[in-house]
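Participant: Quick one: the structure is below, and I'll ask about it shortly.
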Protein chains: 2
Amino acid sequence: MKDLVVVGGGVIGLSCAWRAAQAGLRVTLRDPAPGTGSSWVAGGMLAPVTEAWPGEEGLLALGLESLELWPAFAEELSAAAGQSAGLHPEGTVVAATGSGDRAELDALAQHLARLGRPVERLNGRELRRLEPALGPDVRGGLSVPGDLSVDNRALLAALRAAAEKAGVVVEERAWEPGEAAPGTLLICAGAHSAALHPGLAGLVRPVKGEILRLTHRRGAFPVPTRTVRALVDGRPVYLVPRPAGLVVGATQSEHGFDTEPTVGGVRDLLRDAERILPGIAEYALSEAAAGLRPGSPDNVPVIGRLDGRTLVATGHSRNGILLAPLTARLVVGLLAGRPVPAEVDPARFGRTGT
Amino acid sequence: MKDLVVVGGGVIGLSCAWRAAQAGLRVTLRDPAPGTGSSWVAGGMLAPVTEAWPGEEGLLALGLESLELWPAFAEELSAAAGQSAGLHPEGTVVAATGSGDRAELDALAQHLARLGRPVERLNGRELRRLEPALGPDVRGGLSVPGDLSVDNRALLAALRAAAEKAGVVVEERAWEPGEAAPGTLLICAGAHSAALHPGLAGLVRPVKGEILRLTHRRGAFPVPTRTVRALVDGRPVYLVPRPAGLVVGATQSEHGFDTEPTVGGVRDLLRDAERILPGIAEYALSEAAAGLRPGSPDNVPVIGRLDGRTLVATGHSRNGILLAPLTARLVVGLLAGRPVPAEVDPARFGRTGT
């Protein structure tokens, strides 16, 4: 039986560890606090279409490929874990307020149409028919039923349970660079990966994101059914439904390893979210937190071989949870000797020689 | 040795327990979670002058009397506890933005002058000379050097340490109405007091207050030296300095026993606080919480005898921490057979017959 040491207990590390154990490897996962990093803070959108940006067509294709894997992945995971993986089967609406925001959504819709992914354009009234909580400032937008979401914390719990049932040994201590691993080493340490291998130095950087967790209170407007994404005066904001409330996010800043939510970030999120869903004023503000997305130079993950004994799966930027099923599949392929697509291989940065 | 059971481990209960133990009583304090209620959430202002409202002259007199006790109380407490009681010796500035807010401050200044408590009027430039962090929207205000503040969490820790050193036995479980107390019972259960004695039914009600705790971050504007109180478009807000940041508060609403901070409450606090101190945008938002002030019908505390074996000290509304030294003194007097001033006696509501 071959050995694998997975460094990092977020969604990527846990997914790879679970799948590798299923494939017959003897897997150890190392993380001083599994499931408490950026995967814990995430919004949990599975939204390749509404995340699509011109120039990132490769990322859109990867996202769509992974989104297709998600329903079966969630079902298998729920069964293996004996608890729900948290997949929320409802789609996404995108809302715009001012004319500049609507023009930007028009450009996104045209871009998607050119890619053969037409989306439904709706006016404010039509959007409010889908989601009655949308406020009067919402003037138009898109409906994208295929862009889903997952409860990231339910997912983490299910992944850990399934991984341990499949034989993964979780060791709650840090991995030190230079430590000798039995067998193969797989680095899935998110924004902290760069320090763990010379081939990743300067390649993965922390991109801070702040989120709020709101809890529905008795008498308040009901939680929307779908993910609501919006542009408010040019600023993106998203509101992702959870069983008891909403996760609100979208701030993005680069300040090193900084996980403190700021007054200015929280103020912007609250203001923009209330413009879109005014009824949240009566919700409880249960949590403000910040996480570190592992940014890569092209926003595409870095999945592949770093040297004869070391693999990597990180750099997922905004898309770690979406891309987890596909990433785990690619890593299991690597472990069996199959290559990865060139667009995710770290070799694209000329960093690796093997 | 006489027995006393104190119900409630907030600032009032702990202060009374400490002082009663010093006076020679055998004291037990009962609270399922001492020091975690509204005293934990409080801003910690010792500010009778800037809290003065026309019609509340009796409360102002009590506040001034207790404020005079504070420096010696804090010094004795720090020594007895072996840790700082958290008294912050700097004063208070009151800032106004629009003309309506300035007119309201003018009325407060005139009211105080009529009471023989003149306060210093300052324009925006003069205020910013005292506190350079005040933003350009601040057009004028008052300086009240005598209104101080205390770090409520340091105070709670010091009170508990001093009380236990003086012999108080803290039992971390709830007091059930109807339980038999050895000796005298003293009810200091804040907003929860009404349920504990028929003489308090309908007299003490919960008044919710939301606070934010902000932590200074490297590179951000320094924390102000003084307490900053302000009126922003008619809404009060206060910013109280702490060693590592600020406590921001002032919301007030009556929703029963509700301790969830809401989106709308937090949004208002952030907006108003940033109008006064724009530099806090770069601070961390470390905590949002809500507490329940024990409201009384006239905002004056309810301190006195409820029946032959039961005393009460609650109903301190916005002023519990300010009035703690005086309250403890009055309670020790009651225990020695001395009457309390008529304005705090529960007999003023015609509720007690003894």
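Participant: What is the residue count in region B:252-274 for residues that are more than 9 Å from chain A (Cβ to nearest Cβ) and open to solvent by less than 20 Å² (accessible area, probe 1.4 Å)?
Facilitator: 2
Participant: On to the next question. For B:Leu334, are the conditions met, namely being within 30 Å of B:Ile211 (Cβ to Cβ), without any contact (Cβ under 8 Å) to a residue 40 or more places away in the chain and in contact with a strand residue (DSSP E or B) (Cβ under 6 Å, 6 or more places away or on another chain)?
Facilitator: no
Participant: What is the residue count in region A:179-190 for residues that are at pLDDT below 95 and outside any loop (DSSP other than H, G, I, E, B)?
Facilitator: 0
Participant: Looking at (1) closer than 13 Å to A:Val150 by Cβ; (2) free of Cβ contacts under 8 Å to residues at least 60 places away in the same chain, which one does A:Pro54 not meet, given that it meets all the others?
Facilitator: (1)
Participant: Follow-up. Of (1) under 29 Å from A:Ala194 (Cβ atoms); (2) open to solvent by less than 50 Å² (accessible area, probe 1.4 Å); (3) not aliphatic (A, V, I, L, M), A:Arg242 satisfies all except one. Which?
Facilitator: Here A:Arg242 clears every test but (1).
Participant: Can we say B:Val232 is over 28 Å from A:Gly245 (Cβ atoms) and open to solvent by less than 50 Å² (accessible area, probe 1.4 Å)? Can you show your working first?
Facilitator: Numbers: over 28 Å from A:Gly245 (Cβ atoms): yes; open to solvent by less than 50 Å² (accessible area, probe 1.4 Å): yes.
Yes: the conditions hold for B:Val232.
Participant: Do we find that B:Leu155 is at pLDDT 95 or above, within 14 Å of chain A (Cβ to nearest Cβ) and within 17 Å of B:Gly291 (Cβ to Cβ) in this structure? Let's see the steps before the verdict.
Facilitator: On the way: at pLDDT 95 or above: yes; within 14 Å of chain A (Cβ to nearest Cβ): no; within 17 Å of B:Gly291 (Cβ to Cβ): yes.
Here the answer is no, as B:Leu155 does not meet what is asked.
Participant: Could you identify the single residue in A:Ala33, A:Ala21, A:Ala96 that is over 18 Å from the mean Cα position of the chain (by Cα) and within 22 Å of A:Ala289 (Cβ to Cβ)?
Facilitator: Going through A:Ala33, A:Ala21, A:Ala96 in turn, just one is over 18 Å from the mean Cα position of the chain (by Cα) and within 22 Å of A:Ala289 (Cβ to Cβ): A:Ala33.
Participant: Here's a follow-up. Could you pull out the residue among A:Val247, A:Val223, A:Val207, A:Val237 that is away from chain B (no Cβ under 11 Å) and not in a strand (DSSP E or B)?
Facilitator: A:Val223
Participant: Checking the condition outside the structural domain of A:Arg102 (by TED's automatic domain parsing), of a type outside the set (Asp, Glu), free of Cβ contacts under 8 Å to residues at least 24 places away in the same chain and closer than 19 Å to A:Gly320 by Cα, which residue from A:Ala157, A:Ala180, A:Ala194 passes?
Facilitator: It is A:Ala194.
Participant: Considering A:Glu126, A:Glu176, A:Glu164, which residue is part of a loop (DSSP other than H, G, I, E, B), away from every other protein chain (no Cβ under 14 Å) and surrounded by fewer than 22 Cβ atoms within 10 Å (Cβ to Cβ)?
Facilitator: The unique qualifying residue is A:Glu176.
Participant: So which pairs qualify, if the first residue must be in region B:293-321 and within 17 Å of B:Gly183 (Cα to Cα) and without any contact (Cβ under 8 Å) to a residue 60 or more places away in the chain, the second must be among the charged types (D, E, K, R) and part of a loop (DSSP other than H, G, I, E, B), the Cβ gap must be under 9 Å, and the two must be at least 6 apart or on different chains?
Facilitator: B:Gly304/B:Asp345; B:Arg305/B:Asp345
Participant: Here is a check on your reading of the model: is A:Glu104 of a type in the set (D, E, K, R), on the phi < 0 side of the Ramachandran plot and in contact (Cβ under 8 Å) with a residue 60 or more places away in the chain?
Facilitator: Yes; evaluated as a whole, the condition is true for this residue.
Participant: In this structure, does A:Val266 turn out to be at pLDDT 95 or above, in contact with an Asp or Glu (Cβ under 8 Å, 6 or more places away or on another chain), within 27 Å of A:Gly190 (Cα to Cα) and in a helix (DSSP H, G or I)?
Facilitator: On the way: at pLDDT 95 or above: yes; in contact with an Asp or Glu (Cβ under 8 Å, 6 or more places away or on another chain): yes; within 27 Å of A:Gly190 (Cα to Cα): yes; in a helix (DSSP H, G or I): yes.
Criteria met by A:Val266.
Participant: Of the residues A:Ala80, A:Ala113, A:Ala109, which single one is aliphatic (A, V, I, L, M) and at pLDDT 95 or above?
Facilitator: Within the list A:Ala80, A:Ala113, A:Ala109, the selection yields A:Ala80.
Participant: What number goes with the only condition from (1) within 30 Å of B:Gly308 (Cα to Cα); (2) open to solvent by 40 Å² or more (accessible area, probe 1.4 Å); (3) among the β-branched types (Val, Ile, Thr) that B:Thr225 does not pass?
Facilitator: (1) is the only condition that B:Thr225 fails.
Participant: Scanning region B:129-161 for residues that are out of contact with any Pro (no Cβ under 8 Å at 6 or more places or on another chain) and assigned to a strand (DSSP E or B), which turns out surrounded by the fewest Cβ atoms within 10 Å (Cβ to Cβ)?
Facilitator: B:Ser143
Participant: Kindly establish whether A:Leu212 is under 27 Å from A:Ala47 (Cβ atoms), away from chain B (no Cβ under 14 Å), outside any helix (DSSP H, G or I) and touching a Leu at 6+ places or on another chain (Cβ under 7 Å).
Facilitator: The answer is no for A:Leu212.
The values are calculated or read from the model by the stated rules, or taken from the named source; none is laboratory data. Since the structure is predicted, the reported quantities are computational estimates derived from the model, not experimental observations. Counting neighbours? That spans all protein chains shown, and the Cβs are built from the backbone with ideal geometry, glycine included. In case anyone asks, the SASA skips ligands and DNA or RNA and just uses the protein heavy atoms, side chains included. Shrake-Rupley method; radii C 1.70, N 1.55, O 1.52, S 1.80 Å.
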